[in-house]
Amino acid sequence: MADATDLNPALMTWDGALGLPQFDRISDDDFAPAFDWALTDHLREIDAIAENAATPDFANTIEALEVAGDALSRVASIFFTRAGADTNPQIQALEREIAPKLSAHYSKIGTNKALFQRIDALWNNRQSLALTEEQSIVLERHWKGLVRSGAQLADAEQKRLAAINGRLAELGTRFGQNVLADESEWAMFLSADDELEGLPDFLIDAMSAAASERGRPEAYAVTLSRSIVEPFLTLSARRDLREKAFHAWASRGLSGDEHDNRSVMKDTLALRAEKANLLGYDNFAALKLDNTMAKTADAVDTLLMDVWEKAVKASGDDEKELQTLVSEDGANHDIEAWDWRYYAEKLRTRKFAFSESEVKPYLQLEKILEACFAVAGRLFGIRAVARTDLAAYHPDVRVYEIRDENDEAFAIFLGDYFNRATKRSGAWMNALRSQHKLPLPNGKRGELPIVINVCNFAKPAEGKPALLSLDDARTLFHEFGHALHGMLSDVTYPSVSGTGVARDFVELPSQLYEHWLTIPDILRSYALHYRTGEAMPEALMEKVLEAANFNQAFATVEYTACAIVDMHLHTTATPPADPVAFQDGVLNAIGMPKAIAMRHAIPHFLHIFSGDGYAAGYYSYMWSEVLDADAFEAFEEGGNVFDPEKARRLRDAILSKGGSVRPEEAYRAFRGKMPEPDAMLRGRGLLA
């Protein structure tokens, strides 16, 4: 193990401005020795807690655990931020090495008998401890966490569980790296004018920038970044090129070479089933759902299948309309998955007299980001101050100081918005550091949160503005909703800070925040043409809002299919030998429309295979949507979507509480009742 004096202090002592790490002082070579030292130091702290001669109490056991491993947390948060958003071969190699090490580390803690005896004693005597609600939840989390780590298992079973967890960590890392390899290595270069037919300037500019990044400045690159491939599938008049791009996009993780994910999925599913059985659960879904709002797979299936039936019926009606447009084009082919977006855009243009290419010039990244901050200001009295003097982990990353009504900083926000070959696909929020109020070994009490939003918008050519689609703009608002959950947190204990809530509650703040993007006052103020600076015309805005539910059946089918397949994969009695064939069997059984593809086919379904965060949990987006649709109706009912009293209640009851209260209690404190699915179905245009 490296001596502490040999380590780069910048990894563990964050003494930059605002308490940020000094990223420019950290090299890739610093991580391996820092991990080795921090892992050992954390075990030393755990042993000190477990072997404490004093009678266990909440302070000397649970609170001590809450702040233990601070050095490891800091090293890991910087490393995994880099691994997800700006990786390289050295980082990827270390990621493959460190994932099983971390798993073994936490398995060792989870099977520390002396530690569990202390926590078990507190758990069994919890009624007499006079704990606050937050403390009760924190105790429960630690006790259940150790039980799920195998604390109550026999020694042989503990060893097997540790081996399973280590292997799952390896597989999850490999899965994500395989998908990134397929995405970054594929590009379709175009040059002839007829290959660009139908493409607007904003997309051509983005494809030019992507080609230049890949050493082909004379060409235009269609990449597998969603911010390029989706608009290409929507707008390209070349059906042959759409088909080629779609097949590449849909077959990520199925390359047949060293990046193929078939064996990774097979092994992952078998190990998850074995893990669940070791811990006394019928299947992996039962294990994962035990600590959620849904509780059971039956409850999830009831929601998903009700929505599925309505969405499939509506998509069938939509497909007939699209097929008519094919005939009008003089073609006689059926609508295929690479046709739907193209003809849906034609149909939208006809029905609502506008196209995406008309809207996009009004959706500048800079102005939509301003809108995002402005909404937060009107709702919660906060403001974002750009700190252009501060550097983050990549030159594209922006740093903001988030200030309260008294102009005092209470959070730091990093925005990383552009796609690059070193960044995994998708969009996410993570906390580099979580808010809490506990005293730390360094003598400080509590810490301000440092929250990151990562997106994959197409980076414009030099001197050009970054233009977003409406879906991109929603993604920006969505991720900032997560960021607000982390930044507005006001709890004592870090384990329940911010987004540390039940998986099917975590999407409520993010999905709820999306609604404010399309408030007319916000669009009038921030949807400004990038050339003229003029606001989006009222007539165009009205059409955009009128078309809000257009093509929702398609979107609902492609999402719900993923959620249904996820649940079937994790509830089946016998893990499938061929997960892709199993996926296809599930889709056939539920009547998946031939013309629509899953939003995430399982070979590149990062949510459920690159780690298990959303495994048996992808349904949670829809579960949370039931909540967010009902919650936004609360604002609409009074006629003022910026109602200060309701905003205060949202902040006090949900955003500030993190996981320190039960999700049902948090929602009732805000709304006064639990919701029915009707508001969500109305929002998707699936219920009158």
| message | If I go through region 267-303 residue by residue, how many of them are under 19 Å from residue 613 (Cβ atoms), of a type outside the set (Val, Ile, Thr) and in a helix (DSSP H, G or I)? | response | 14
| Is one or more of the residues making up region 99-116 assigned to a loop (DSSP other than H, G, I, E, B), surrounded by fewer than 18 Cβ atoms within 10 Å (Cβ to Cβ), in contact with a Ser or Thr (Cβ under 7 Å, 6 or more places away or on another chain) and in contact (Cβ under 8 Å) with a residue 12 or more places away in the chain? | no
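Is it true that residue 609 is among the aromatic types (Phe, Trp, Tyr), in contact (Cβ under 8 Å) with a residue 60 or more places away in the chain and surrounded by 24 or more Cβ atoms within 10 Å (Cβ to Cβ)?
On the way: among the aromatic types (Phe, Trp, Tyr): yes; in contact (Cβ under 8 Å) with a residue 60 or more places away in the chain: yes; surrounded by 24 or more Cβ atoms within 10 Å (Cβ to Cβ): yes.
Criteria met by residue 609.
Among the residues of region 434-483, which ones are in a helix (DSSP H, G or I) and aromatic (Phe, Trp, Tyr)? Working first, answer last.
As a first pass, look at region 434-483 and keep what is in a helix (DSSP H, G or I): 470-483.
Scanning region 434-483 gives 477, 480.
Answer yes if at least one residue in region 351-362 is among the hydroxyl-bearing types (Ser, Thr, Tyr), outside any strand (DSSP E or B) and farther than 28 Å from residue 523 by Cα, and no otherwise.
Just the residues of region 351-362 that are among the hydroxyl-bearing types (Ser, Thr, Tyr), to begin with: 355, 357, 362.
From what's left, outside any strand (DSSP E or B): 355, 357, 362.
Cutting the leftovers down to farther than 28 Å from residue 523 by Cα gives us none.
The answer is no; no qualifying residue exists.
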| query | If you go through region 368-398 one residue at a time, how many are more than 16 Å from residue 477 (Cβ to Cβ) and touching a strand residue (DSSP E or B) at 6+ places or on another chain (Cβ under 6 Å)? | reply | 9
| field | Conditions (1) in contact (Cβ under 8 Å) with a residue 24 or more places away in the chain; (2) of a type in the set (Gly, Ala, Ser); (3) over 30 Å from residue 416 (Cβ atoms): number failed by residue 130 | value | (1)
| Which one of the conditions (1) touching a residue at least 60 places away in the same chain (Cβ under 8 Å); (2) closer than 30 Å to residue 470 by Cβ does residue 241 fail to meet, given that it meets all the rest? | (1)
| request: Tell me, please, whether a residue that is under 23 Å from residue 465 (Cβ atoms) and either assigned by TED's automatic domain parsing to the domain that holds residue 377 or not aromatic (Phe, Trp, Tyr) (or both) can be found in region 498-513. | output: no
| field | For residue 150: the one exception among (1) on the phi > 0 side of the Ramachandran plot; (2) touching a residue at least 40 places away in the same chain (Cβ under 8 Å); (3) surrounded by fewer than 21 Cβ atoms within 10 Å (Cβ to Cβ) | value | (3)
| request: Among what's in region 52-61 and is outside any helix (DSSP H, G or I) and polar (S, T, N, Q), pick the residue that is surrounded by the most Cβ atoms within 10 Å (Cβ to Cβ). | output: 52
| query | Filter region 635-665 for residues that are within 22 Å of residue 499 (Cβ to Cβ) and aliphatic (A, V, I, L, M); which is surrounded by the fewest Cβ atoms within 10 Å (Cβ to Cβ)? | reply | 653
| note | Pairing a residue in region 533-560 that is farther than 23 Å from residue 680 by Cα with any residue that is at pLDDT below 95, where Cβ atoms lie under 6 Å and the two sit 6 or more apart in sequence or on different chains, gives 540/354
| field | Exclusive hit being crowded, with 18+ Cβ neighbours inside 10 Å, aliphatic (A, V, I, L, M), in the same structural domain as residue 619 (by TED's automatic domain parsing) and farther than 25 Å from residue 247 by Cα, set 322, 304 | value | 304
| task | Test residue 335 against the criterion of being buried (at least 17 other Cβ atoms within 10 Å of the Cβ), out of contact with any Pro (no Cβ under 6 Å at 6 or more places or on another chain), assigned to a loop (DSSP other than H, G, I, E, B) and not polar (S, T, N, Q), and give yes or no. | result | yes
| remark: The condition of being free of Cβ contacts under 8 Å to residues at least 24 places away in the same chain, among the charged types (D, E, K, R) and surrounded by fewer than 20 Cβ atoms within 10 Å (Cβ to Cβ) holds, among 578, 584, only for 584
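Kindly check whether there is at least one residue in region 663-676 that is in contact with a Ser or Thr (Cβ under 7 Å, 6 or more places away or on another chain), modelled with pLDDT of 95 or more and not small (Gly, Ala, Ser). Break it down into steps so the answer makes sense when it comes.
Applying the first criterion (in contact with a Ser or Thr (Cβ under 7 Å, 6 or more places away or on another chain)) to region 663-676 yields none.
No - not one qualifying residue is present in region 663-676.
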| query | Does at least one position in region 245-255 carry a residue that is in contact (Cβ under 8 Å) with a residue 60 or more places away in the chain and either more than 26 Å from residue 596 (Cα to Cα) or aromatic (Phe, Trp, Tyr) (or both)? | reply | yes
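Suppose we keep only residues that are among the charged types (D, E, K, R) and surrounded by 19 or more Cβ atoms within 10 Å (Cβ to Cβ) within region 259-300. Which one would you say is nearest to residue 177 (Cα to Cα)?
Residues of region 259-300 among the charged types (D, E, K, R): 260, 262, 266-267, 272, 274-275, 282, 288, 290, 295, 298.
Narrowing the set further to residues that are surrounded by 19 or more Cβ atoms within 10 Å (Cβ to Cβ) leaves 272, 275, 288.
Working: 272: 20, 275: 24, 288: 24 Å.
Only one residue fits best here, namely 272.
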| How do the pairs read when you match residues in region 375-394 that are without any contact (Cβ under 8 Å) to a residue 40 or more places away in the chain and surrounded by fewer than 19 Cβ atoms within 10 Å (Cβ to Cβ) with residues anywhere that are of a type in the set (Phe, Trp, Tyr) and part of a strand (DSSP E or B), using Cβ under 6 Å and keeping only pairs 6 or more apart or on different chains? | 386/400
| task | Just name the residue that is surrounded by the most Cβ atoms within 10 Å (Cβ to Cβ) out of those in region 503-523 that are farther than 14 Å from residue 481 by Cα and over 14 Å from the mean Cα position of the chain (by Cα). | result | 523
| field | The lone exception for residue 601 - which of (1) within 17 Å of residue 337 (Cβ to Cβ); (2) free of Cβ contacts under 8 Å to residues at least 12 places away in the same chain it fails | value | (2)
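Which residues, counting only those in region 667-682, are in contact (Cβ under 8 Å) with a residue 40 or more places away in the chain and over 22 Å from the mean Cα position of the chain (by Cα)? Walk me through how you get there before you give the answer.
At the first step, the residues of region 667-682 found to be in contact (Cβ under 8 Å) with a residue 40 or more places away in the chain are 667, 671, 675-677, 679-682.
Within region 667-682, 671, 675, 676, 677, 679, 681, 682 qualify.
Kindly indicate which of 64, 93, 76 is assigned to a helix (DSSP H, G or I), free of Cβ contacts under 8 Å to residues at least 24 places away in the same chain and within 30 Å of residue 456 (Cα to Cα). Steps first, answer last, please.
Values: 64 fails: within 30 Å of residue 456 (Cα to Cα); 76 fails: free of Cβ contacts under 8 Å to residues at least 24 places away in the same chain.
One residue alone meets the criteria, 93.
Here are 356, 366: which of them is modelled with pLDDT under 95 and within 27 Å of the chain's Cα centre (by Cα)?
Values: 366 fails: modelled with pLDDT under 95.
One residue alone meets the criteria, 356.
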| field | Matching residues in region 538-565 - criterion: being farther than 30 Å from residue 299 by Cα and touching a helix residue (DSSP H, G or I) at 6+ places or on another chain (Cβ under 9 Å) | value | 538, 540, 541, 542, 543, 544, 545, 546, 547
| In region 348-362, which residue that is touching a Phe, Trp or Tyr at 6+ places or on another chain (Cβ under 9 Å) and buried (at least 17 other Cβ atoms within 10 Å of the Cβ) is nearest to residue 560 (Cα to Cα)? | 348
| task | Confirm whether residue 224 is in contact (Cβ under 8 Å) with a residue 60 or more places away in the chain, touching a helix residue (DSSP H, G or I) at 6+ places or on another chain (Cβ under 8 Å), surrounded by 21 or more Cβ atoms within 10 Å (Cβ to Cβ) and within 26 Å of residue 595 (Cβ to Cβ). | result | yes
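The values are calculated or read from the model by the stated rules, or taken from the named source; none is laboratory data. Owing to the predicted nature of the structure, the values given are computational and were not obtained by experimental measurement. Reconstructed Cβ throughout: ideal geometry from the backbone, glycine too, with neighbour counts over all protein chains shown.
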